[in-house]
């Protein structure tokens, strides 16, 4: 099952896609958010382009495991995605994914300038990989 991972930020939306078997997530790209852009339509268009069968959106849960203001805004975005498109939309805890993405890119030797604008798609890949791994573990447990 091919899935599209989404990391929604204030200025950018990071995208990632899984391989057709649903095992490995890879960074796909970054959408820039502005007042002229319909972010929901853009995400749905990218999902269709890659043949996604599900969209996985990172949910910003705080370190205490609670949903704050950012999570409420993300919940609204998720509901708009669900209402606008035919694909199922699932959520995945995105705690610390941006920090982990930044650390991984730094360890890979990328400069701060090189990381700018790329971190969002790497965070989306981490979110999607977390969801894929959890899904696979649940399937193995239920088998």
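Read the figures in this text as sums done on the coordinates, not as results from a lab. Owing to the predicted nature of the structure, the values given are computational and were not obtained by experimental measurement. Cβ atoms come from the backbone with ideal geometry, glycine included; neighbour counts cover every protein chain shown.
Highest first, please rank the peptides 69-80, 18-29, 123-134, 50-61 by the mean number of other Cβ atoms sitting within 10 Å of their residues.
Details: 69-80: 14.7, 18-29: 16.2, 123-134: 23.2, 50-61: 20.0.
Ranked by mean Cβ neighbours within 10 Å, highest first: 123-134, 50-61, 18-29, 69-80.
Approximating the spin labels as points 7 Å out from Cα along Cα→Cβ, the residue 53-to-residue 90 distance works out to 1.1 nm.
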